[in-house]
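The values are calculated or read from the model by the stated rules, or taken from the named source; none is laboratory data. All of these numbers come straight from a predicted model, not from anything done at the bench. Neighbour counts run over all protein chains shown; Cβ positions are idealised from the backbone, glycine included. The area values use the complete protein model at the heavy-atom level, side chains included, leaving out ligands, DNA and RNA. Shrake-Rupley method; radii C 1.70, N 1.55, O 1.52, S 1.80 Å.
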Amino acid sequence: VVLITIDTLRWDRLGANDARFGPKGRNTMPNLTEWSKGAVNFRRAYTPGGWTSIAIGSLLRGLYARRLEWTAYYETSFYRMVRDPLSATLGPAERIVKMFPLAWNDPHGPLPFWLKRRGMRTLAVTDDGFTQMLSSTLHADRGFDTYHEVAGEPQSDPAEFKRARRRIRKQLAGQGDAATATAAISSLRWSARGSRFFLWAHFFGPHTPSTGHPGVEPYGT
């Protein structure tokens with residue numbers, strides 16, 4: 001079982017769903033469009049929440065958001081995720097930017113937990129870009145035998161954070177999705193060979209900051 005999630009990818013930007021983005025149009029995703037010809041394509045799909053934090057938490061537990069226990073995490077100007085009491089966790093120049101509800105501490109067992117009990121090897125390769133949304137430090141790795149995080153962790157020290165942000169932005173611009181795909185394929189080759197497995201691969205490429213690619217025509221914002 002392979003689950004692929006792509007952060008902030010629009011359903012209507014796939015050629016199979018909107019001809020304007022197909023082979024005779026902008027042709028934004030030719031490989032996925034071609035692959036979809038032999039696949040089941042759901043014309044209607046609904047998410048329990050418009051935020052990654054709500055959608056992924058609900059997806060991995062198979063429950064509506066209202067049935068889960070949510071913990072309030074606060075993303076800082078350093079892109080760290082912290083909990084109350086906030087005064088004890090913020091650095092000198094750090095400030096709270098927004099709040100995200102996360103369900104990683106919910107008592108319901110997530111999908112990899114149950115599949116592992118069925119004897120399947122559970123693997124994850126995730127890229128949450130410059131955030132800590134899917135960080136193992138927040139227990140997003142529950143139930144996985146291996147949990148590989150592609151992007152670097154945000155730092156609490158201002159100077160180190162600036163260096164880390166430059167490194168992360170360079171990674172996002174140069175090899176974010178490629179690194180995720182390579183790590184996912186490697187996980188299948190070396191960790192799941194000869195066994196039943198569940199692999200979750202989470203891509204971050206379409207998320208801001210937008211990245212230009214050589215040979216790909218820009219279509220504005």
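Within the range 1-19, the set of residues being in contact with a His (Cβ under 7 Å, 6 or more places away or on another chain) and surrounded by 12 or more Cβ atoms within 10 Å (Cβ to Cβ) comprises T5, D7.
When the range 60-70 is examined, which residues are found to be out of contact with any Ser or Thr (no Cβ under 7 Å at 6 or more places or on another chain) and surrounded by fewer than 18 Cβ atoms within 10 Å (Cβ to Cβ)? So that I can check it myself, show each step before the final result.
Within the range 60-70, the first condition is being out of contact with any Ser or Thr (no Cβ under 7 Å at 6 or more places or on another chain), and the residues that meet it are 60-63, 66-67, 69-70.
G62, L63, R66, R67, E69, W70 - these are the residues of the range 60-70 that are out of contact with any Ser or Thr (no Cβ under 7 Å at 6 or more places or on another chain) and surrounded by fewer than 18 Cβ atoms within 10 Å (Cβ to Cβ).
Quick grid of which residues meet (1) open to solvent by less than 40 Å² (accessible area, probe 1.4 Å); (2) within 21 Å of T208 (Cα to Cα):
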| residue | (1), (2) |
| --- | --- |
| F21 | yes, yes |
| V40 | no, no |
| S53 | yes, yes |
| Y74 | no, yes |
| R83 | no, no |
| A93 | no, no |
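Among strands (runs of 3 or more DSSP E) entirely within the range 1-104, having at least 3 residues that are farther than 24 Å from L115 by Cβ and in contact (Cβ under 8 Å) with a residue 24 or more places away in the chain singles out 71-76, 96-102.
The single condition among (1) open to solvent by less than 10 Å² (accessible area, probe 1.4 Å); (2) at pLDDT 90 or above that A164 does not meet is (2). Determine the pairs where a residue that is in contact (Cβ under 8 Å) with a residue 12 or more places away in the chain and closer than 25 Å to G176 by Cβ, located within the range 108-131, has a partner that is open to solvent by 70 Å² or more (accessible area, probe 1.4 Å) and in a strand (DSSP E or B) with Cβ atoms under 6 Å apart, the partner being 6 or more residues away or on another chain. Hits for this filter: V125/H148. Remark: T122 falls outside the filter, which requires a residue to be modelled with pLDDT under 90, touching a helix residue (DSSP H, G or I) at 6+ places or on another chain (Cβ under 9 Å) and either surrounded by fewer than 18 Cβ atoms within 10 Å (Cβ to Cβ) or more than 17 Å from D7 (Cβ to Cβ) (or both). Here the range 186-204 is the region considered, the condition is being polar (S, T, N, Q) and not in a loop (DSSP other than H, G, I, E, B), and the residue that is most open to solvent (accessible area, probe 1.4 Å) is S186.
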